[in-house]
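This report refers to the structure that appears directly beneath it.
None of the figures in this text is laboratory data; all of them are computed from the coordinates on show. Source: prediction; values computed, not measured. Glycine gets a Cβ as well: all are built from the backbone with ideal geometry, and neighbour counts include every protein chain shown.
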Ligand code: PGA
C-alpha cells in the first residue's frame, strides 16, 4: 500500500497556488527514485481551485503521483442546494478523492453522522475515494472514551444502511484526527496514535473482514509537520498523513513526504 500524503488547504490560497503542484515536484526532484513508488500525494484545495489545480497537476512532469481531492461534497446529485457542489461536480473538476466528515465540517456546518454517511456513499458512487475523518475531542480523551467515540463514528458512517448503497471498501481511506490536535501543535503520544490506529483497524475488520481492513489506508492527522512526520509515519498501522497548516508551503509538504521510509 502506498503511503498517502494528503494536503488539506482548507480555506486558504488563491489562483496563484495552481503553481504549487509544480513547486512540490521540484522539491521532490532529487529524491531517491524508489520513493516515488512508495508515496501518493493528494492536494485538496478550496472548491473553486479544484479544476485549475487539477489541470496544473496534470501537466507536471514528475515521477511522483499528485492527485487532487476536494474537502467535501454534497450528498444529493443536483437541485436547490445553494453554495454546494455534488460529488459528480467534484469528479468533473478533476478530483479523485474527497475528504468527508472533517471535524470542522462536523462542528461548524452541521455534518451529522447521518450526513457524513450519505456524503461518503455519494462520493464513492461517482468513483471518488472518500477520506473519512474521525476523531475525539479533548474531553472525550480525558474521560477515556476515545476508542468508543471513534468506533461509533466509524459504525455510523460505514455500517449504517443508507438507501440501497453499501460502502465500497476499495474507495475508502480513514483519517484519524483527534480534534484537540488539529491546528494546535499538540500531538498524541506515538503509543496513543498506534493504539487508536490498531483500534480502527479492528473496527474495520469487524465491519468487513480482516483482509479488507488491512487494505484500507488509515491516515493520522493533527499538527503533522516535518519535525514529527518521520516518527508518526513509521508506525505500522499509520498509512499516511492528512496535513493542514504544514501543507500550505511546498518545502514543508515535501519534507513530510520525504520522511516516508
Ligand atoms: P493541521 O490540520 O495539520 O493544521 O493540524 C489537519 C487537518 O485539519 O486536517
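Region 1-54 and region 78-126 have Cα centres separated by 21 Å. Projected onto its three principal axes, the C-alpha set of the chain covers 46, 44, 34 Å, listed from the longest axis down.
In terms of its Cα atoms, region 76-172 spans 43, 27, 23 Å along the principal axes, sorted from long to short. The Kirkwood hydrodynamic radius of region 174-261, based on inverse pair distances between different Cα atoms, is 13.2 Å. When each of 189, 41, 3, 82 is scored by the number of other beta-carbon atoms lying within 10 Å, the sequence from fewest to most is 82, 189, 3, 41. By the beta-carbon count within 10 Å of each Cβ, the least crowded to most crowded order of 235, 154, 120, 4, fewest first, is 235, 154, 4, 120. Its Cα gyration tensor gives region 32-81 an equivalent ellipsoid; the semi-axes, largest first and in whole Å, are 29, 12, 7.
Counting neighbouring beta carbons within 10 Å and listing from fewest to most, the residues 247, 227, 125 come out as 227, 125, 247.
When the chain is treated as a Gaussian network with alpha carbon springs shorter than 10 Å, the biggest mean-square fluctuation among 220, 48, 176 belongs to 48.
Classified by the C-alpha gyration tensor, region 67-112 has an oblate form. Its axis ratio a/c, with a ≥ b ≥ c, is 1.5 or above, and a/b does not exceed b/c. Stokes-Einstein D for region 10-108 at 37 °C, 0.692 mPa s, Kirkwood Rh over Cα pairs, in µm²/s? D, rounded to a whole number, is 226 µm²/s.
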